[in-house]
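Just so it is clear, none of the values below were taken in a lab; they were calculated from the coordinates. Note that the structure is predicted; figures quoted are calculated from it, not measured. Cβ: placed from backbone, ideal geometry, glycine included. Neighbour counts: every protein chain shown.
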Amino acid sequence: MNFLSIDTSTKYSVVAICGKHGKVYGCRRLFEKGRADRLAALIGECLKKSGLEISDVDYFAVGVGPGSFTGLRIGLSIIKGLSYALKKPCIVFSSLDSIAFNKAHYKKGRLCVIVDAKRLNVYSRSYGVKGAASKDALLSIPELLQKTGDSTVFTGDAVDLYREAILTKVKDPVFLAQRFWYPTPESVAKLTLESFKSKKIVDCFKLLPTYLYAQDCQVRSA
């Protein structure tokens, strides 16, 4: 059984190919322009590394956000197209989980993923010491800090933006290194298998992004 997974919620495009118990073949690239075309080429590169054809893939998996509005549209469009053409089901997962699943070692408190949502907001998800997670949320920085306890571990690209604000309000925070702020092929592959076990499976017609900024998706009359 083979899985092809992508996440395009951040500035990086991540592709991972894995079997149910096998090795992960993956790539992560930062594309300044032409993301859609280059993502298709990146998928082809990973398939070549794995020795598989696209027809050998049994499930397509995708991070549905929250995250970059443009990035999510590109990623979901590609997975929808592949799923529809090959008549294969899709697996969905939170893009914030794909950051949390990085192999970071930390000892203190709970983990809080914070991703820049612009407008002085963050996309956030918190994880307890036993792995239980909150829902994906769009929070202002004051709202985030009000909900955050002492000794919290922070990761995600918003760490760089709001480190000083966190230090003024949270006692003994821990900030993970930048290499843990973005999804990786390994984290995406691991999360895909977890989501498969949890039966987070949909057909391509029910594949929808998590847009927490509702106004971005509304059609307004003139």
Taking r as the C-beta separation of L86 and K23 and R0 as 22 Å, the FRET efficiency to the nearest 0.05 is 0.45
Of all DSSP beta bridges in region 103-180, antiparallel share, percent nearest 5: 70 percent
Nearest 5 is fine: what % of DSSP beta bridges in the chain come out antiparallel, could you say? 65 percent
Residue span Y106 to E164: 0.36 nm per residue of separation minus Cα-Cα distance leaves a gain in nm of 18.8 nm
For the chain, modelled as a Gaussian network with Cα springs under 10 Å, which listed residue fluctuates most, D136, D97, D56? D56
Distance in nm between R73 and K11 label points, each 7 Å along Cα→Cβ, equals 2.1 nm
In nm, the gap between the two label points placed 7 Å beyond Cα toward Cβ at E32 and K171 is 4.7 nm
Among the listed pairs K33/K147; K135/K197; K118/K147; K118/K171, give every one whose C-alpha distance is greater than 29 Å. K33/K147
What is the angle, in °, between the Cα long axis of helix 159-169 and the longest principal axis of the Cα atoms in the chain? Nearest 10 is fine, range 0 to 90. 30 degrees
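Could you list T155, T148, T192 so that the one with the fewest beta carbons within 10 Å of its beta carbon is first and the one with the most is last?
Least crowded to most crowded, the residues run T148, T155, T192.
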Given the -39500 (n - 2.57) contribution per DSSP H run of 4+ residues, what per-residue ellipticity at 222 nm results for the chain, rounded to the nearest 500 deg cm²/dmol? -10000 deg cm²/dmol
In nm, spacing of pseudo-spin labels at A40 and Y213 (7 Å Cα→C-beta vector): 2.7 nm
Difference of contour (0.36 nm per residue) and Cα-Cα distance, R119 to A133: 2.6 nm
Fewest-first ranking of D150, D58, D116, D7, using other Cβ atoms within 10 Å as the exposure measure: D150, D58, D116, D7
Given 69-75, 174-180, 157-163, 8-14, the highest-first ranking by average Cβ count within 10 Å works out to 8-14, 69-75, 157-163, 174-180
Quick check: from the Cα gyration tensor, does region 103-180 come out rounded (a/c under 1.5), prolate or oblate? rounded
Among E53, E45, what is the fewest-to-most ranking by other Cβ atoms within 10 Å? E53, E45
What length, rounded to one decimal in nm, is gained on full extension from K49 through to I201, with 0.36 nm per residue of separation minus their alpha-carbon distance? 52.1 nm
For the chain, the dipole about the Cα centre with charges only on Cβ (Lys and Arg +1, Asp and Glu -1), to the nearest 20 debye, works out at 260 debye
